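Have a look at the structure that comes next, please.
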Amino acid sequence: MQQIVKELFQEQTISKEESQLVFSKLSRSTINKGDLLLRPNEEINTIYYVQSGCLRNYILDQEGKEHTFQFAVKGWWVSDYIALYGKQKTLSVSYVECIKNAVLYSISKADFDSICQAIPQAARIYIRKMEIAFASFQSRIVENQMFPAKQRYLNFLDAYPGIANEVKNYHIASYLGITTESLSRIRKEISAS
């Protein structure tokens, strides 16, 4: 119990009672590579903390092409944020797929909100994580508009160190908004330099 609570609170000190409250609201689960955690058109009221493994959040366009917009690795939270936090309460729009066996801790949004009220540093930590995630999403939009594919790939490697060899090329290509052929060409170019 103490380890996961320490991870969530990033080594900040909280009381034994607060720690027990947090732990009582968490559910631990393991999912395997290839499993879908979320699908479109589901009611979403849960967020997931990734203790280990890797997941990806993606959508399918009208032609059935995948567009990955998030990889969730150790220490990250994942859900369908449009359904969970959107201005209009909607059903989920995305898939969350496990791409490397994962251990997750889930908590309902209602329980999380009550923890944030009872333990103010929980709210501060989560707000900081969300700020970082929002900045990351905004940076990706800017990068996709302004940077060539090679630079976007290099930025991806900085953002997700070590993940490039663990996920499929088409996952990375869909994240970068390029074809798998373009990604292969970029990788060859980089390894030749």
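The values are calculated or read from the model by the stated rules, or taken from the named source; none is laboratory data. Values in this document were obtained by computation on a predicted structure and should not be read as measured data. FYI the Cβ positions are ideal-geometry reconstructions off the backbone, even for glycines, and counts take in every protein chain you see.
Looking at Ser94, Ser114, Ser136, can you tell me which residue is under 30 Å from Leu8 (Cβ atoms), over 16 Å from the mean Cα position of the chain (by Cα) and not aromatic (Phe, Trp, Tyr)?
Ser114
Working only within the stretch 66-96, note down all residues that are of a type in the set (Asp, Glu) and in a loop (DSSP other than H, G, I, E, B).
Scanning the stretch 66-96 gives a single hit, Asp80.
I would also like to ask the following. Quick one: would you say Lys129 is among the charged types (D, E, K, R), touching a residue at least 60 places away in the same chain (Cβ under 8 Å), within 19 Å of Asn57 (Cβ to Cβ) and out of contact with any His (no Cβ under 7 Å at 6 or more places or on another chain)?
No; evaluated as a whole, the condition is false for this residue.
Among Arg124, Arg152, Arg128, which is the only one that is in a helix (DSSP H, G or I) and touching an Asp or Glu at 6+ places or on another chain (Cβ under 6 Å)?
Result: Arg152 is the single residue among Arg124, Arg152, Arg128 that is in a helix (DSSP H, G or I) and touching an Asp or Glu at 6+ places or on another chain (Cβ under 6 Å).
Kindly list the number of the only condition in (1) outside any loop (DSSP other than H, G, I, E, B); (2) closer than 21 Å to Tyr58 by Cβ; (3) modelled with pLDDT under 85; (4) not aromatic (Phe, Trp, Tyr) that fails for Ile99.
For Ile99, the failing item is (3).
May I pose another question? Just to be sure before I move on: is Leu36 at pLDDT 85 or above and either within 25 Å of Lys100 (Cα to Cα) or not acidic (Asp, Glu) (or both) in the structure I sent?
yes
For the list (1) at pLDDT below 95; (2) surrounded by fewer than 17 Cβ atoms within 10 Å (Cβ to Cβ), I need the number of the one condition that Ile119 fails.
Of everything listed in (1) at pLDDT below 95; (2) surrounded by fewer than 17 Cβ atoms within 10 Å (Cβ to Cβ), Ile119 misses just condition (2).
Which condition breaks for Gln138 when tested against (1) part of a loop (DSSP other than H, G, I, E, B); (2) exposed (fewer than 12 other Cβ atoms within 10 Å of the Cβ)?
Here Gln138 meets the rest and fails (1).
Then there is this: If you scan the stretch 1-27, which residues turn out to be in contact with a helix residue (DSSP H, G or I) (Cβ under 8 Å, 6 or more places away or on another chain) and not β-branched (Val, Ile, Thr)?
Result: Met1, Gln2, Leu8, Phe9, Gln10, Gln12, Glu18, Ser19, Leu21, Phe23, Lys25, Leu26.
Okay, moving on. Considering the stretch 172-182 alone, what residues qualify as being surrounded by fewer than 17 Cβ atoms within 10 Å (Cβ to Cβ) and out of contact with any Phe, Trp or Tyr (no Cβ under 6 Å at 6 or more places or on another chain)?
Within the stretch 172-182, Gly177, Thr179, Glu181, Ser182 qualify.
Tell me the residue from Thr68, Thr90 that is modelled with pLDDT under 95, touching a Lys or Arg at 6+ places or on another chain (Cβ under 9 Å), surrounded by 14 or more Cβ atoms within 10 Å (Cβ to Cβ) and of a type in the set (S, T, N, Q), please.
Only one candidate qualifies: Thr68.
So, one more: In the stretch 151-171, what residues are buried (at least 17 other Cβ atoms within 10 Å of the Cβ) and either without any contact (Cβ under 8 Å) to a residue 40 or more places away in the chain or more than 18 Å from the chain's Cα centre (by Cα) (or both)?
Arg152, Tyr153, Phe156
What strands (runs of 3 or more DSSP E) lie completely within the stretch 1-65 and have 1 or more residues being crowded, with 17+ Cβ neighbours inside 10 Å and free of Cβ contacts under 8 Å to residues at least 60 places away in the same chain?
36-38, 46-60
Could you list all residues from the stretch 165-193 that are in a loop (DSSP other than H, G, I, E, B) and closer than 17 Å to Ser136 by Cβ?
The one that is in a loop (DSSP other than H, G, I, E, B) and closer than 17 Å to Ser136 by Cβ: Gly177.
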